[in-house]
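Peer 1: Right, I'll just put the structure down here and ask away after.
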């Protein structure tokens, strides 16, 4: 679970980037794996999510958010949880 104490204060300025996100209306299923998903299925889902991130105008802000708040799950800013963990 992310450390919510690290989240920015709830001001429009801090969250405004989300209104421009390419994933905004796609739902979470492409970006967060279901329990027990492994192997090829997980890799394919992650790659589909990364394709969305690759054309997203706020990819950097999304990744910064995920790194700053230690998001433990899902694809954020074009990186999986394992890839983000390696960055830290």
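Peer 1: Would you call residue 45 within 25 Å of residue 4 (Cβ to Cβ) and surrounded by 15 or more Cβ atoms within 10 Å (Cβ to Cβ)?
Peer 2: no
Peer 1: Continuing with this model, one more query. So which residues in the stretch 68-82 are in contact (Cβ under 8 Å) with a residue 12 or more places away in the chain and either assigned to a loop (DSSP other than H, G, I, E, B) or buried (at least 16 other Cβ atoms within 10 Å of the Cβ) (or both)?
Peer 2: Residues of the stretch 68-82 that are in contact (Cβ under 8 Å) with a residue 12 or more places away in the chain, as a first pass: 68-80.
Hits for the stretch 68-82 are 69, 70, 71, 72, 73, 74, 75, 76, 77, 78, 79, 80.
Peer 1: Pairs, please: C-beta under 8 Å, at least 6 apart or cross-chain, first residue free of Cβ contacts under 8 Å to residues at least 12 places away in the same chain and at negative phi and in the stretch 34-59, second surrounded by 10 or more Cβ atoms within 10 Å (Cβ to Cβ) and assigned to a loop (DSSP other than H, G, I, E, B)?
Peer 2: These pairs meet every condition: 42/33.
Bear in mind these aren't lab numbers, they're just calculated from the coordinates by the rules spelled out. All values reported here derive from a predicted model rather than from experimental measurement. Cβ atoms come from the backbone with ideal geometry, glycine included; neighbour counts cover every protein chain shown.
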